[in-house]
Amino acid sequence: MDEPLNLVLFSGTDDKLQAAAVLTAGAAALGKPVNVFLQYWALDAFTRAKIGLDHGLAPEAGEAGRTAVDALAKAGQASWAETLRQAKDLGTVDIQACSLSMDLLGLEESDLDPLVDGVEGVTAFYLNAGEGHVVFI
């Protein structure tokens, strides 16, 4: 399990961020390093001002999806941000903001939630990915 799991997060909806968080936590629990690269709307969700807000669901979730997600939250399921915090406690999880997306959104590093470890370009992300698989969400 030397090769990392590499996630590129583009979507900023809560359901897709939760899916990424669960994949991250599972890999971290198994001792697999995880690299997360935040782009566009996913990056926007990781700002200090927005991390705790409702980011909606993907359109395909529909009303039934909203009902199911709300029921899980009411039952005590951790938010995607909390799941990522727990994953960082379990193993090696590196979360980096895309430098181009930072420019596009007009963000400074100080705008980011402490979950984000830094800012890097796509070349650095690929170098860190090594031979590991890249999953785009």
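What to note about this one:
- Within the chain, DSSP assigns beta bridges of which about 5% are antiparallel (rounded to the nearest 5).
- Cβ-defined net charge surrounding D111, 13 Å radius [Lys, Arg +1; Asp, Glu -1]: -3
- Taking the inverse of the mean 1/r over every pair of distinct Cα atoms in the range 33-94 gives a Kirkwood hydrodynamic radius of 13.4 Å.
- At q = 0.09, 0.23 Å⁻¹ the log10 of I(q)/I(0) for the range 5-136 amounts to -0.25, -1.46, computed by Debye summation with a single uniform scatterer per C-alpha, solvent ignored.
- Once the convex hull of all Cα atoms in the range 71-117 is built, its volume per residue stands at 99 Å³.
- Geometric extent, Cα atoms of the range 1-65 - Rg, Dmax (angstrom): 13.0, 41
- Sorted by Cβ neighbour density within 10 Å, fewest at the top, the residues L9, L104: L104, L9
A short reminder: the numbers here are calculations on the coordinates, not readings from a lab. Computed from a predicted model, the values in this text were never measured in an experiment. Quick reminder, even Gly has a Cβ in these numbers, built from the backbone with ideal geometry, and neighbours come from all protein chains shown.
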